[in-house]
Amino acid sequence: MSKQKKKTAKAKKHELTKGIFSVLETNQNESFNYKQIAAKLNITDASGRNLLIKRLVQLKEKKKILEVERGKYKAIPSQNYYTGTVDITSRGNAYVIVDELETDVFVPSNMLNKALHGDLVEVYIFPRFRKGNKLEGEVTKIIERKKMRFVGVVQMQKNFAFVLPTDHRMYTDIFVSKNDINGAENGDKVIVRIEKWEGKSNSPFGVIEQILGKPGEQSTEMHSILAEYGLPYEFPHEVEAFAKQLDTSITAEEIAKRRDMRNVLTFTIDPKDAKDFDDALSFQILENGNYEIGVHIADVSHYVQEGTILDEEAYNRATSVYLVDRVVPMLPEVLSNFACSLRPNEEKYTFSAVFEMNKKAEILNTWFGRTVTLSDHRFAYEEVQEIIENFAGVGEKQEKVEISDFQMPSEISIRKEGSYSVPKELVQAILLMDDLAKKLRTKRMRLGAISFDKIEVKFHLDENDNPTHVYFKESKDANKLIEEFMLLANRKVAEFIAKQKKTFVYRVHDEPDDEKLMQLNGVISRFGYGINMKDKKNITHSLNSLLEEVKGKKEQNLVDTLAIRSMAKASYSTENIGHYGLAFDFYTHFTSPIRRYPDVMVHRLLQKYLDNQPSEKQEVYETKCKHSSQMENLASSAERDSIKYMQVKFMENHKNQHFRGVISGVTEWGIYVEIVENKCEGLVRARDIKDDYYIFDEKQYALVGEVTKNMYQLGDEVVVRVKNTDLLKKQLDFELVGTN
C-alpha cells in the first residue's frame, strides 16, 4: 500500500472511531448494534458496514467500549464531559474554552451540533484524540444560548425568505416563513430572532423583529452595530415616563441632610461638545495654608432608586455607548443631560470626596458624603490648557508669594472660539491644582504606574454626520489635571471601604502575562526597543521608557496598541487584586455614575457603610460586577466598529490615492497597513502582491517571497493605494505600491 493510501485509510479509521464514540457517548444509557450505529453515521455501503463491525470489535477488545450483549455496544461511563464556551473561528470550526482545562477543545464544524458562537455548551472530549496540542471533541448539549437575535440581510424567495447574518461567526442563514417576514423587503437589513432549530433542519427558523433600513446608510449601519452586540438605542416608553415624573427639584429638606458647598469655588472641565457633566472640582485655601480640593460627582443614586424600572434599565445597559456620531446613554435624557448634569449656575445634588492637601500634594484629611454644590463655570479642556500654558510656573511660585500678591489682571482673556474672560480666582485655582496634579502623577509613576497615553482617532462631521477629516485626541495637562483628581477620589474611596472588610465593587487589573510580554518584546526588538523582564519593577520601568520613546514616531500607534494588548483587561470584581496599570492596591469607579452602572453601585454601598450598615452579600454584587464587565466589553466593541465604519466612509473619498503606511499586522492571507496621517487600517491581500508567491512566517511576523525572499514585516513602512472600500463589511482594501 502506498504512503498516500495508508494516510487516507488512517484518516477514515480516525473519523469512524470519532463517529462511534459520538453515537455511544451522546446516548450513554442505550446500547446499539452495528446497524443502528451505521444508520446514525449514514453508512450505507457494504464495505463501510464491514469496516464499522471490525472497528467495534477492536474497540471492545481494547476496552474502549462495552459489549453488553452479543453484538450490542454501549459507552463506558466517562469523565470526559466538560462545560465551556464556544469560540467559532473564521473557517467555521470552533474551540470550546473550558476553565478547568489548560488547553482549549477543538471542535470541527461537523461536530458543533447547532452550537453557535458564545453558547455555553457541554463538550465531550475524545480519548487520546488531539489536534496538535489541542484536545478534540464534540458538542453534546447546548446549555445556554449566548444570543438569539442576529443582524442580517433579507434574501427573498417566492413564499419565504432567508436572513444572511452579517456576523462572520454565524455560520448558517436563518429561514423565515412568509408569515414571519413582517413587511421586510429583499435587501433590507433586519434584526431576526431565532425561534427554533429542530431535527435535521440545516437552518434555524426565525422571525423578523425589526427593519433597520437599507445596507450602507449611516443610520442603518450604526443601529446595526448596536443590535449586533445586543445594545439598545431607545428607552422603553415606560422607563422614559418614569424618569420624567421624578421630582428633580432642589429642596430645603434635602439640603439639610447634606453638606452645603454651594459657596465654594467650583467648576467643571469637559470636552467642548459634552452634554452631560458628571464631575466637578472645587478649590479653596484653608486658614492653615493648606488646600481643600473637592471632587464632586452627580448623585445619580438619589434619583435612580433600587428596585425601580429605571434602575433595572440602567443595570441592563450598565454603560453609555459612545459611537462616532451619537451617544446611547445609560440614563434617560431628563437625568443624564439635566437633573444629574452639573451645569454651571445650577444647584445640584452631589456625592463628594473632599481632601485637605498640603503644597506637596500629601493628603492630610479626607471626607466622603452627600453634598449640594453649584458650579461657577464650565471649562472646555482647550480653555484650561491655554491657561496652563500661558501662566505656567505660577504654582511653583506659590511657596514664595501669597495668592493676593500675584500680579494678574482681575480677569484673564481666553482665545478659544471668541474671546471671553475668566475670573482671576478660577485661573489661580486651575494653576495651583495643575501643580498638585503633576505632583500626584509624579508620585504615581514613581510607584510603578504605566503611562498609557494612546492617541484617539476622532472625526470632524458635517451637518449630515459625514466625516470631513480625521484628527487625533491627545492627553495634555488639562486632561491630566482632571484625571489625577478622579484617580485620587477612586483610590481613596476604595481604600476607605477595604479597611472595613465589607463587600465592595473594585476596579481590578491583573499583572501582564509573561508569554504576551515575550511576544511584545519580539515585535519591538525590530525597532531597536526592549523590555527588561527581570522583575515587576523592571517591566514597568521598561514599558514606560518604551511608551515615552516611541512618541511622535511612525511606529507609535502600533507599539502603543501592542503594549495595551499585552496587558490583562481591567474589570469589575468584589475580589480585590489591586490595579497593576495604575499601581494602586485599592481602586474603584466612583466618578462617572451618569454613564457607568458600577459607579452607581459604589455610591450606594459607600452611603450604606457611612451609615454603619452591615456588609452586603458578596455573591449578589459579584454577579453584578460580571454583568457590568461584559457590557463594558460589548460597548467597547461597538465603539471600535463605529470608528472602523467611519474610517471606511472617510476613505471612500480617497480611492486611488497613495498613502504612506506602517504594517500593523501580518497574517497568512495578507498584511494590514495603518496609514500614518489618519490611522485608517486596511488589508493588502497576499494574492494581490504579484511579484512572488508569499508565505506567512509566524516567527518573523512577516510575509516572505518564496523565490525572491522579499519580506514584508510588522513595522515596515510601505506605500499603498486605496483599492476598495466596503461599508457593509467595514473593510478597506489596499494595493501595495512600493516600500520606503
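The values are calculated or read from the model by the stated rules, or taken from the named source; none is laboratory data. Note that this is a predicted model, so its numbers are computed, not measured. All Cβ positions, glycine included, derive from the backbone under ideal geometry; neighbour counts span all protein chains shown. The area values use the complete protein model at the heavy-atom level, side chains included, leaving out ligands, DNA and RNA. Shrake-Rupley method; radii C 1.70, N 1.55, O 1.52, S 1.80 Å.
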Worksheet item: With r defined as the distance between the Cβ atoms of PHE160 and LYS214 and R0 fixed at 22 Å, what FRET efficiency is calculated, to the nearest 0.05?
Response: 0.55
Item to complete: Take the solvent-accessible surface of the protein heavy atoms, probe 1.4 Å, and return the percent of it on the stretch 654-739 that carbon and sulfur atoms account for.
Response: 46 percent
Item to complete: Using a 1.4 Å probe and ignoring any ligands, DNA or RNA, find the accessible area of ASP477 and quote it in Å² to the nearest 10.
Response: 50 Å²
Worksheet item: How much area per residue is accessible in the stretch 421-473 when the probe is 1.4 Å and only protein heavy atoms are counted (Å²)?
Response: 48 Å²
Response to the item:
Subtracting the Cα-Cα distance of GLU195 and ASP688 from 0.36 nm times their residue separation yields 173.2 nm
Practice prompt. With a 1.4 Å probe and every protein chain kept in, tell me what percent of the accessible surface of the stretch 64-166 is carbon plus sulfur.
Written response: 45 percent
Worksheet entry | Distribution of pairwise C-alpha distances over the stretch 81-144, 10 Å bins, in % | 27, 62, 11
Worksheet item: Which value, in debye to the nearest 20, gives the size of the charge dipole of the chain about its Cα centre, when Lys and Arg are +1 and Asp and Glu are -1 at the Cβ?
Response: 4520 debye
Practice prompt. Return the FRET efficiency for the residue pair THR248, HIS627: r is the Cβ-Cβ distance, R0 is 22 Å, and the value is rounded to the nearest 0.05.
Written response: 0.20
Worksheet item: In vacuo Debye scattering of the stretch 267-361, one point per C-alpha: log10 I(q)/I(0) at q = 0.12, 0.16, 0.19, 0.21 Å⁻¹?
Response: -0.49, -0.77, -0.96, -1.08
Practice prompt. Could you please put GLU195, GLU347, GLU234 in sequence from largest to smallest accessible area, using a 1.4 Å probe?
Written response: GLU234, GLU195, GLU347
Discussion item. Distance between the C-alpha centers of the stretch 522-562 and the stretch 571-620? Whole Å please.
Written reply: 32 Å
Fill in: Structure-based [θ]222 nm, the chain - -39500 (n - 2.57) summed over DSSP H runs of at least 4, per residue, nearest 500
-9500 deg cm²/dmol
Practice prompt. Quote the Stokes-Einstein diffusion coefficient, in whole µm² s⁻¹, for the stretch 149-215, based on the Kirkwood radius over alpha carbon pairs, a temperature of 37 °C and a viscosity of 0.692 mPa s.
Written response: 285 µm²/s
Discussion item. Could you report the stretch 513-566's accessible area per residue, 1.4 Å probe, as an integer in Å²?
Written reply: 53 Å²
Practice prompt. State the extension gain, in nm to one decimal, for the chain segment bounded by SER636 and GLU698, taking 0.36 nm per residue of separation less the distance between their alpha-carbons.
Written response: 19.5 nm
Worksheet item: Stretch ASN724-LYS551 to full length: gain in nm at 0.36 nm per residue minus the Cα-Cα span?
Response: 59.2 nm
Response to the item:
So the FRET efficiency between ILE255 and ASN345, C-beta based with R0 = 22 Å and rounded to 0.05, is 0.85
Worksheet item: Which whole DSSP H helices in the chain pass both tests: a Cα extent of 30 Å or more along the axis and a mean Kyte-Doolittle value no lower than -1.0?
Response: 424-446, 477-498, 618-651
Practice prompt. Pop a pseudo-label 7 angstrom from the Cα along the beta-carbon direction at both GLU240 and LYS534 and give the gap in nm to one decimal.
Written response: 6.3 nm
Item to complete: Send over a whole-number figure in Å² for the accessible area per residue of the stretch 81-144, probe 1.4 Å.
Response: 50 Å²
Worksheet entry | Dimensionless Rg ratio for the chain, taking C-alpha atoms and the 2.2 N^0.38 Å reference | 1.12
Practice prompt. Any chance you could list the semi-axes, whole Å, largest first, of the equivalent ellipsoid that the Cα gyration tensor gives for the stretch 540-678, using √(5λ)?
Written response: 40, 20, 13
Discussion item. If you filter the stretch 287-394 for trypsin sites (Lys or Arg not before Pro), then keep DSSP loop positions with at most 13 other Cβ within 10 Å, what is left?
Written reply: LYS360
Worksheet item: When every alpha-carbon pair in the stretch 654-739 is counted, what percent end up more than 19 Å apart?
Response: 30 percent
Discussion item. With a 1.4 Å probe and all protein chains left in place, how much of the accessible area of the stretch 523-613 comes from carbon and sulfur atoms, in whole percent?
Written reply: 46 percent
Practice prompt. Wrap a convex hull around the Cα atoms of the stretch 513-566, take a quarter of its surface area, and give that in square nanometres.
Written response: 3.3 nm²
Worksheet item: Going by a ≥ b ≥ c, the root eigenvalues of the Cα gyration tensor, does the stretch 333-392 fall in the rounded group (a/c under 1.5), the prolate group (a/b larger than b/c) or the oblate group?
Response: oblate
Discussion item. What are the ³J(HN,Hα) couplings of the stretch 694-707, residue after residue, when phi is run through the Karplus curve with 6.51, -1.76, 1.60 and θ = phi - 60°? Round to Hz, x for glycine and proline.
Written reply: 9, 10, 6, 10, 5, 5, 9, 6, 8, 9, 10, x, 5, 9
